[in-house]
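In what follows, a structure is listed as structure tokens, so that the remarks can point back to it.
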Amino acid sequence: MEIPRPEHPFPQFLRERWLNLNGLWEFESDPGKSGMDRGLFQGTALRGQIMVPFCPESLLSGVGNRDFQEAVWYRRTFRLPADWPAGLTFLHFGAVDYRASVFVNGERAGEHTGGYSSFSFDITGLLTPGENVITVYVQDLQRSGRQPRGKQCGTYASQGCEYTRTTGIWQTVWLEHRPRHHLVSAKFYPDVENRKLDMELRVTGAELLTATAFYEGRVVGRAQARAQGPCLHLSLPLEELHLWEVGIGRLYDLTLEYGQDRVESYFGMRSIRFDGMRFLLNGKSVFQRLVLDQGFYPDGIYTAPTDEALSRDILLSQAMGFNGARLHEKIFEPRFLYHADRLGYLVWGEHANWGLDITGPEALHAFLPEWAEAVTRDFNHPSVIGWCPFNETWDLNGARQLDSNLELVYRMTKLLDPTRPCIDTSGCYHVATDIFDAHDYRQDVAAFAAIAGKDGKNRGIYNEFPERQHYREGQPYFISEFGGILWNEEPGSAWGYGNAPKTKEEFLARFAGLVNTLLDNPNHFGFCYTQLYDVEQERNGLYTYARVPKFDPDIIQDIVARMAAIEN
């Protein structure tokens with residue numbers, strides 16, 4: 001049987017010895033949450049089957065159950081290859097929504113909470129010769145208010161801007177061999193000005209590290225250092241400097257050799273910073289022409305059916321003139337970021353905060369650990385040019401957000417990554433933020449220009465909630481959600497913003513008017529249009545849910561890609 005999603009899930013930290021565990025697993029729903037009492041963790045055969053890594057709500061899983069599933073079980077057997085070396089064996093999960101308990105041969109391997117971040121366990125001591133059994137128990141209490149769920153719908157049927165849910169395993173599961181002394185992690189700090197890559201590594205043991213950089217197959221740098229403890233710092237000078245730019249992802253290959261351990265990786269050389277209101281990439285003003293990407297697929301829901309589908313979404317966006325995306329209300333998988341890296345595509349990393357009640361301090365327990373895992377995991381991707389932990393933190397049942405929650409998450413994000421800007425909460429209500437943004441779905445171009453245009457109120461620096469948030473003069477500013485123009489070409493009911501245009505000509509005129517308003521404002525460093533493609537009943541994409549263009553991409557590109565005032 002062909003294994004779905006066979007590619008290595010972490011191109012930035014790849015070891016030669018690994019085993020993909022995607023494919024057919026045993027599966028059973030546990031509506032009474034009695035599986036633990038019934039001893040299912042001991043490896044008991046389950047009653048159904050599922051195609052991993054697709055969630056049970058999806059068609060590709062072979063299950064297709066779209067009702068709430070608060071507890072599910074997975075089981076599969078495996079044998080290590082005959083040539084599997086001595087050392088350590090780690091069991092990896094790309095993502096499991098939401099709380100996972102993992103057992104190997106009936107013994108607990110570990111637990112993880114969080115539906116979007118990756119995790120692994122050292123299962124060396126639990127393995128036996130011959131056949132081994134993995135059992136996974138997942139709890140997913142989407143309606144509890146105690147876990148982030150993003151755009152997964154809180155009601156039985158999808159509605160408005162919320163869509164089909166995802167439960168359980170939804171990214172690749174795999175085994176990995178490591179020597180006893182090995183690299184644990186690496187953080188890359190590109191230094192363009194001084195033509196070097198600084199590295200911060202965590203290791204086990206005390207071995208010699210050799211780092212070798214390649215560009216198009218040529219050795220362009222090599223450095224060595226010996227570990228004296230669990231942390232190791234290394235500076236790698238580069239003989240050739242090739243900049244990572246928009247649309248041109250000039251990536252260096254990197255080999256890290258540490259004792260008997262060998263890791264293949266890559267990096268990009270680029271600098272980002274703000275100069276007043278201008279966003280500078282490698283010292284040049286670049287207008288962020290972003291589009292909202294929600295990461296949903298008709299047949300896989302949260303999981304792209306193929307690796308090609310991930311890269312195709314980026315290419316479709318670029319074909320319409322966009323140079324990046326807000327990865328919206330979802331922590332995207334590393335394979336997507338890999339394609340963004342190699343294609344020169346700007347992205348904002350965002351958590352799936354909707355569904356989590358942030359009006360009390362207990363929300364941090366559910367939010368912060370997973371967000372820290374995501375920021376740490378995705379730190380090395382040159383395509384990631386900013387973080388946005390929260391989106392539209394509206395009041396809940398009359399209770400306001402606890403501002404200290406947002407401030408603490410912002411400050412923790414800056415501790416984990418001081419190299420990138422952080423928006424505390426996109427749209428509202430800002431507490432502590434590097435960038436002030438706003439969302440506005442006005443469909444009338446004149447009304448939109450009156451608040452967001454260069455001649456609009458306060459030069460287009462629009463603060464819809466002055467009683468709840470404060471704009472600091474000179475702070476970088478952009479409209480990070482706008483448009484959402486409804487245009488439906490599919491059967492069934494459709495949801496979108498405002499009144500739908502009557503003709504394609506009317507749509508394009510409205511689209512151009514809104515986009516030009518923002519391009520012509522020298523006080524805006526970017527925009528984000530809603531959205532790239534339809535998602536289920538929300539029909540305001542530039543492509544259908546099946547990724548068919550609704551409009552000539554060249555026409556959209558001509559509107560989006562022209563020079564912005566702040567770039568001139």
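The values are calculated or read from the model by the stated rules, or taken from the named source; none is laboratory data. Just so it is clear, the structure is predicted and the values come from calculations on it, not from any experiment. Cβ placement follows ideal geometry from the backbone for every residue including glycine, while neighbour counts extend to all protein chains displayed. Heads up: the accessible areas ignore ligands, DNA and RNA and are worked out on the full protein's heavy atoms, side chains in. Shrake-Rupley method; radii C 1.70, N 1.55, O 1.52, S 1.80 Å.
Sequence gap at least 6, Cα distance under 8 Å: using those rules, report the relative contact order of the range 433-508 to the nearest whole percent.
It rounds to 34 percent for the range 433-508.
Just add up the charged neighbours of Tyr533: K/R +1, D/E -1, any other residue whose Cβ is under 13 Å from the Cβ of Tyr533.
It works out to a net charge of -3.
Over the range 431-568, calculate the relative contact order: mean separation of alpha carbon pairs under 8 Å at least 6 apart, over the residue count, as a percent.
Averaging sequence separation for qualifying contacts and normalising by length gives 25 percent for the range 431-568.
Going through the DSSP H helices of the chain, which span 15 Å or more along their own axis at the Cα atoms while scoring at least 0.0 as a mean Kyte-Doolittle hydropathy? Before the final figure, lay out each step's value.
Working: long enough: 307-319 (19 Å, -0.05); 363-378 (23 Å, 0.02); 403-416 (20 Å, -0.03); 504-519 (22 Å, 0.54).
Membrane-span-like by this rule: 363-378, 504-519.
Taking Cα centroids, how far is the range 490-568 from the range 383-441 in Å?
25
Under a cut-off of 23 Å between alpha-carbon atoms, report the lysines in cross-link reach of Lys454, not counting same-chain residues fewer than 8 places apart.
Those lysines meeting the cut-off are Lys284.
Let me check I have the definition right: for the range 174-331, take the eigenvalues of the Cα gyration tensor, multiply each by 5, take square roots. What are those semi-axes in whole Å, largest first?
Values: eigenvalues 205, 105, 40 Å².
So the equivalent ellipsoid measures 32, 23, 14 Å along its semi-axes.
Mind checking which lysines have their C-alpha under 16 Å from Lys414, skipping anything on the same chain fewer than 8 residues away?
Cα-Cα hits under 16 Å: Lys187.
Assuming a ≥ b ≥ c are the square roots of the Cα gyration tensor eigenvalues, decide whether the range 159-211 counts as rounded (a/c under 1.5), prolate (otherwise, with a/b larger than b/c) or oblate.
It is oblate, given that a/c is not under 1.5 and a/b is not larger than b/c.
Net charge near Asn282: determine it from the other residues with C-beta under 9 Å of the C-beta of Asn282, scoring Lys and Arg +1 and Asp and Glu -1. Kindly include the intermediate steps, with their values, before the conclusion.
Values: positive: Arg270, Lys284; negative: Glu245.
With Lys, Arg at +1 and Asp, Glu at -1, the neighbours total +1.
Quick one: the Cα spread of the chain along its three principal axes, in angstroms, biggest first?
Projected onto its principal axes, the Cα set of the chain covers 73, 59, 45 Å.
Tally Lys and Arg at +1 and Asp and Glu at -1 over the other residues with C-beta under 11 Å from the C-beta of Lys330: what net charge comes out?
With Lys, Arg at +1 and Asp, Glu at -1, the neighbours total -2.
Give the relative contact order (percent, whole number) for the range 1-127; include only Cα pairs under 8 Å separated by 6+ residues.
Numbers: 190 pairs, mean separation 25.7, N = 127.
The normalised contact order for the range 1-127 reaches 20 percent.
Take the alpha-carbon centre of the range 39-101, take the same for the range 231-260, and report the distance between them in whole Å.
Each part reduced to its Cα centre gives a spacing of 35 Å.
Of all DSSP beta bridges located in the range 416-568, what percent are antiparallel, nearest 5?
Counting DSSP beta bridges with both partners in the range 416-568, the antiparallel share is about 15 percent.
Using only Cα atoms, locate the centre of the range 362-377 and the centre of the range 4-32, then give the distance between them in Å, rounded to an integer.
Comparing the Cα centres of the range 362-377 and the range 4-32, I get a distance of 23 Å.
Which number do you get for Rg(Cα) / (2.2 N^0.38 Å) in the range 411-568?
Ratio of Cα Rg to 2.2 N^0.38 Å: 1.11.
Give the share of C-alpha pairs in each 5 angstrom bin for the range 83-132, from 0 to the last occupied bin, in whole percents, shortest bins first.
Using 5 Å bins, I get a P(r) of 5, 19, 28, 20, 15, 8, 4 for the range 83-132.
Looking at the chain only, what percent of DSSP beta bridges run antiparallel? Nearest 5 please. Don't jump to the answer; show the numbers that get you there.
Numbers: 96 of 127 bridges.
Among the beta bridges of the chain, antiparallel pairing accounts for roughly 75 percent.
Rounded to the nearest 500, what is the 222 nm mean residue ellipticity of the chain from helices alone, with -39500 (n - 2.57) per DSSP H run of 4+ residues and division by all residues?
-4500 deg cm²/dmol
Ordering Arg143, Arg38, Arg278 from largest to smallest accessible area (1.4 angstrom probe), what's the sequence?
Arg143, Arg38, Arg278
Could you report the chain's accessible area per residue, 1.4 Å probe, as an integer in Å²? Each step should come with its number before you reach the end.
Details: 21430 Å² over 568 residues.
Roughly 38 Å² per residue, with all protein chains present.
Over every pair of different alpha-carbon atoms in the range 249-386, take the mean of 1/r and invert it; report that Kirkwood radius in Å.
With all distinct Cα pairs of the range 249-386 included, I get 16.8 Å.
Just check the range 335-419 against the gyration tensor rule for me: Cα atoms, a ≥ b ≥ c as the square roots of the eigenvalues, rounded for a/c under 1.5, and otherwise prolate or oblate depending on whether a/b exceeds b/c. Provide the component values of the computation, followed by the final result.
Working: a/c = 2.64, a/b = 2.02, b/c = 1.31.
Prolate, since a/c reaches 1.5 and a/b exceeds b/c.
Using a ≥ b ≥ c from the Cα gyration tensor of the range 449-501 (square roots of the eigenvalues), is it rounded, prolate or oblate, where a/c under 1.5 gives rounded and otherwise the larger of a/b and b/c decides, a/b for prolate?
Because a/c hits 1.5 or more and a/b exceeds b/c, the range 449-501 counts as prolate.
Could you please state how large a percent of the accessible area of the chain is carbon and sulfur, counting protein chains only and using a 1.4 Å probe?
51
Treating each Cα of the range 485-530 as an identical point scatterer and ignoring solvent, apply the Debye formula and state log10 I(q)/I(0) at q = 0.22, 0.24, 0.31 Å⁻¹.
-0.83, -0.91, -1.17
Once the cut-off is 26 Å, how many percent of the Cα-Cα pairs in the range 1-123 end up in the long-distance tail?
Every Cα pair in the range 1-123 considered, those over 26 Å come to 20 percent.
On a straight-distance basis, which lysines could pair with Lys550 in a cross-link, Cα separation under 22 angstrom, same-chain partners fewer than 8 positions away excluded?
Straight-distance partners of Lys550: Lys502, Lys504.
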